[in-house]
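Please read the structure below before turning to the comments.
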Amino acid sequence: MVCSDLDCDAETLKAIYEKRWKVEVFHKTLKSNASMAKSPAHTVRTQSNHIFLSIYSAFRLEVLSLKVNLNHFQLRAKIYMAGLKASLGQLRELLAA
């Protein structure tokens, strides 16, 4: 780790880095897990709604990940697999009918 403050000790530098890393994880969650970058919106109102709901979904994902003790990517994979299993079950019911 590098710091331009020559009076900064190792503990202070470590504390700053830990805070910064949490921000990086939040931005990655917004982009990858909350699909903030994949907005189909074209008007200011729909873009604002998309940004707000992306931030809200990242918050909800963080709360849920703390509750079940999984990281965001593990949680997303688990939810995705549950959705696939449910879809496959419905498809099998339709094919059997």
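Within the listed set L75, L53, L13, the residue fluctuating most in the Gaussian network model of the chain (springs between alpha-carbon atoms under 10 angstrom) is L13.
Based on alpha-carbon atoms, the Kirkwood radius and the radius of gyration of the chain give Rg/Rh equal to 1.19.
Taking all protein chains into account, the per residue accessible area for the range 1-81 stands at 86 Å² (1.4 Å probe). Lys-Lys pairs in the chain that are eight or more residues apart or on separate chains and whose Cα atoms lie under 26 Å of each other come to 20. Counting only protein heavy atoms and a probe of 1.4 Å, the accessible surface of the chain is 62% carbon and sulfur.
The calculated 222 nm mean residue ellipticity attributable to helices in the chain amounts to -25000 deg cm²/dmol, summing -39500 (n - 2.57) over DSSP H runs of n ≥ 4 and dividing by all residues.
When the chain is modelled as a GNM with alpha-carbon springs shorter than 10 Å, which of I51, I79, I16 fluctuates the most? Result: I16 has the largest fluctuation of those listed. Using θ = phi - 60° in the Karplus curve 6.51 cos²θ - 1.76 cosθ + 1.60, the 3J(HN,Hα) couplings for the range 91-97 round to 5, 5, 5, 5, 6, 6, 6 Hz; x is entered for Gly and Pro.
The values are calculated or read from the model by the stated rules, or taken from the named source; none is laboratory data. Since this is a predicted model, take the numbers as computed values, not measurements. With ligands, DNA and RNA removed, areas are computed over all heavy atoms of the protein, side chains included. Shrake-Rupley method; radii C 1.70, N 1.55, O 1.52, S 1.80 Å.
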